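Have a look at the structure below, then the notes.
The values are calculated or read from the model by the stated rules, or taken from the named source; none is laboratory data. As the structure is a prediction and not an experimental result, all values here were calculated from the model. Please note: Cβ atoms are built from the backbone with ideal geometry, for glycine as well, and neighbour counts cover all protein chains shown. Heads up: the accessible areas ignore ligands, DNA and RNA and are worked out on the full protein's heavy atoms, side chains in. Shrake-Rupley method; radii C 1.70, N 1.55, O 1.52, S 1.80 Å.
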Amino acid sequence: MGCGVSALLQERGASVALLDHRPERAEYLKASGIDVHQEGQWWKVRLRCSAQPTDLGTPDLVIVLVKAYATASAAETLRPCVGPNTSVLTLQNGLGNWETLQRVLEPGSKRDSSILAGTIVMGAATEAVGKVRISGVGPIVLGSPTGDHDRARRVAEELARFWPRVQAVEDVEAALWRKAIANAAINPLTALHEVPNGRLLEEPDLRADLRKLVEEAVAVARASGIEPFEADPIEAVEGVCRLTAANHSSMFQDLSQGRRTEIDQINGEIVRRGAAAGIPTPLSEALVAQVKAREGRSQQKP
Ligand code: KPL
């Protein structure tokens, strides 16, 4: 996602610098650029890239797209890039990312934080280092979880110059939960059964589990004071499956390639928050255990 989003923003005229924690990969991307496959064609984007945050100055906007288990260490790494006029926007999967960024980057601050949060829907798969296939670019929805709505609107306006659809919302927590609920239902099932997202609608057993996972997660959201969906939540998540039918979810890709998954930051968060609110989440809990067991069996790559 980091390579894909950087490449698309740079191609559309933004001045992008990519911060990659792996020095050898940063060097490679700097020298070779990013190859993007989109709508049947490969094209190349060259951009600034470094593993040294001090090489990259203090931009107007830092977008965080690392895996959700790496948010705290990414925040430590990117600290030198955060100047007085910098906003930091997480578009990661999972719950708890903006809180982690705020804890590391602005300890003690509660309101009008420079940390923004949002969601992005984009099908992206890494074919090799610096080679990314993009299969659909959806909107970015963002907002200020601490109430700095002017900042969120300014950033959304600026980002909309380079991204097809950007929406600033005041209730960003609902948007984060909507995405987390879709991920909590789609990702572990597709990863464990090794199917593309659309198959969850075709197999009756998988569809029943999908619905159960949505119900569990929505109950936890409601217990946390969030009403994530205006209409039917199950219909909404099934809509994501339809929209991304041919996609292999990020968790499917991670598990099948022996990488650590975001299960703890997606379903794990829902289980923990459910337990704190007295809401049972048995299916999510079972899938956390199954995904972790599979992670443990495959060779771990960071
Ligand atoms: O965000 C996704 C992911 O794979 O992580 C979805 C929306 C499920 C698309 O595949």
Filtering segment 133-168 down to residues that are touching a His at 6+ places or on another chain (Cβ under 8 Å) and under 23 Å from residue 10 (Cβ atoms), which residue is surrounded by the most Cβ atoms within 10 Å (Cβ to Cβ)? 168
Would you call residue 234 in a helix (DSSP H, G or I) and more than 22 Å from residue 1 (Cα to Cα)? yes
Conditions (1) surrounded by fewer than 24 Cβ atoms within 10 Å (Cβ to Cβ); (2) away from the ligand (no atom under 16 Å from the Cβ); (3) more than 18 Å from residue 121 (Cβ to Cβ); number of the one not met by residue 199: (2)
What's the total number of residues in segment 241-253 that are assigned to a helix (DSSP H, G or I) and either surrounded by fewer than 21 Cβ atoms within 10 Å (Cβ to Cβ) or more than 9 Å from the ligand (Cβ to nearest atom) (or both)? 3
So, in segment 21-53, how many residues would count as being within 25 Å of residue 164 (Cα to Cα) and without any contact (Cβ under 8 Å) to a residue 40 or more places away in the chain? 10
With the structure loaded, tell me whether residue 25 is under 21 Å from residue 144 (Cα atoms) and basic (Lys, Arg) or whether it fails that test. no
Residue check: is residue 239 free of Cβ contacts under 8 Å to residues at least 40 places away in the same chain and on the phi > 0 side of the Ramachandran plot? no
Considering (1) assigned to a loop (DSSP other than H, G, I, E, B); (2) open to solvent by 30 Å² or more (accessible area, probe 1.4 Å); (3) touching a Phe, Trp or Tyr at 6+ places or on another chain (Cβ under 9 Å), say which one residue 225 fails and leave the rest. (3)
If we ask which residues in segment 21-48 are open to solvent by less than 10 Å² (accessible area, probe 1.4 Å) and closer than 22 Å to residue 79 by Cβ, their number turns out to be 2
